[in-house]
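Chemist: Next up is a structure, given as structure tokens.
The values are calculated or read from the model by the stated rules, or taken from the named source; none is laboratory data. All of these numbers come straight from a predicted model, not from anything done at the bench. Counting neighbours? That spans all protein chains shown, and the Cβs are built from the backbone with ideal geometry, glycine included. Ligands, DNA and RNA are stripped out before the accessible areas are found, and what is left, the full protein with its side chains, is counted by its heavy atoms. Shrake-Rupley method; radii C 1.70, N 1.55, O 1.52, S 1.80 Å.
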Amino acid sequence: GSETELNSGTAVLFTAAFLMPGFVWSAVLSMFLPRKAKQADNRFLEFFTLSCINNSIWFALFLYFALRDYFTRHPLTASVSVFVALFVSPLLLGVISARMAQTDLIGRLVRRLGFRTVNYMKTAWDWHFSRQQPQWAVVTLKDGSVVYGYFGTNSFAGDDPRDIYLEKVYKSEENGFGTSEDNYGALIMADQISVVEFFRNIGEING
């Protein structure tokens, strides 16, 4: 009856208000940061916590309008405001917090106070490739062979396994490096990689 419908409606509202913003925020973080898999109950707590942070930003504004019955008189504005609070706001907060983590902004501030922090990056591989800096790369394989290539915006480095795709590969020549027009890069498997060296420009490789 009406009580069942009320309970169902309350559950939907609770999910939308206290889980959806956290889900959006967490999804954005996962796009930019390497993150460990969590159990279902831990993910629920993460979504709930992030949602509460997001909602606290909007609470005073929504309370102000609610007390003046503004949303009842302007339903379109209310719909847009709810959409912004539940989806746009956590998306922006996710991008901002991911950027802060990548630049280690909070960590540097805390270390200046004399505290020692633990880096959120699991490996040096994750740390380097999270910066997304286009660079020349020299990959030495376990059999001793060497691959010269360019790691740019169309390249990719995997997290697990740690393979690497170079969008362009080059061959060593007497006066530098050459490539052909039909060069579509190279995929190097994780179990074949011994050392990866990076250079800002191709001249450093020759030097």
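Chemist: Which residue pairs have Cβ atoms closer than 8 Å, lie 6 or more positions apart in sequence or on different chains, and pair a first residue in region 121-149 that is without any contact (Cβ under 8 Å) to a residue 40 or more places away in the chain and within 14 Å of Met189 (Cα to Cα) with a second residue that is part of a strand (DSSP E or B) and open to solvent by less than 30 Å² (accessible area, probe 1.4 Å)?
Modeler: Val146/Val138; Val146/Val139
Chemist: Still on this structure: So which of Ser130, Ser81 is surrounded by 17 or more Cβ atoms within 10 Å (Cβ to Cβ) and over 30 Å from Ala66 (Cα atoms)?
Modeler: Exactly one of Ser130, Ser81 is surrounded by 17 or more Cβ atoms within 10 Å (Cβ to Cβ) and over 30 Å from Ala66 (Cα atoms), namely Ser130.
Chemist: Taking the condition charged (D, E, K, R) and touching a helix residue (DSSP H, G or I) at 6+ places or on another chain (Cβ under 8 Å), does Arg116 pass?
Modeler: no
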